[in-house]
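To keep things clear, I will list the structure first and then write my remarks on it.
The values are calculated or read from the model by the stated rules, or taken from the named source; none is laboratory data. Here the structure is a predicted model, which is why all the values come from computation and not from measurement. Backbone-built Cβ (ideal geometry, glycine too); neighbour counts: all protein chains shown. We work out accessible area using only protein heavy atoms, side chains counted, and drop any ligands, DNA or RNA first. Shrake-Rupley method; radii C 1.70, N 1.55, O 1.52, S 1.80 Å.
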Amino acid sequence: MDLGKASRHARYAVAVAVTAGGLVGLGTLVGLALPQLSISQKGREFHPGEITLNRGATVQIVNDDADLIHHAYIDSPKFSFDSGDQEPGSKTDVTFPVAGDFNVLCAIHPKMRLVVHVH
Ligand SMILES: [Cu+2]
């Protein structure tokens, strides 16, 4: 094992955590410790319906409707995404690589909307 490499990597991780904490405070630092944010689609609604993330964050969209297929997508000049059909019980990860405001829509249920603010 290359201990020198592991040690450099560890220092980098600590520096990132300290910088993030210093810039935006403890609340976000605690948020960073969570593996990811989970969004429900129960009852043909994204819940929560609006979230704010740091660039690079990953959201997990969970189809927790028992018998409905959903199909999440983002169509923006900055970033587009398409989940394909989301079977009941499925989980889909979306990582937001750029800052901006994005609407996550459902191709099957036009009223479904999740607003994502990425800083
Ligand atoms: Cu849907």
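So the values come out like this:
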{"item": "Residue that is farthest from the ligand (Cβ to nearest atom), among those in segment 47-84 that are of a type in the set (G, A, S), open to solvent by less than 70 Å² (accessible area, probe 1.4 Å) and without any contact (Cβ under 8 Å) to a residue 60 or more places away in the chain", "result": "G56"}
{"item": "Selection count, segment 85-119, where residues are hydroxyl-bearing (S, T, Y) and more than 16 Å from the ligand (Cβ to nearest atom)", "result": "1"}
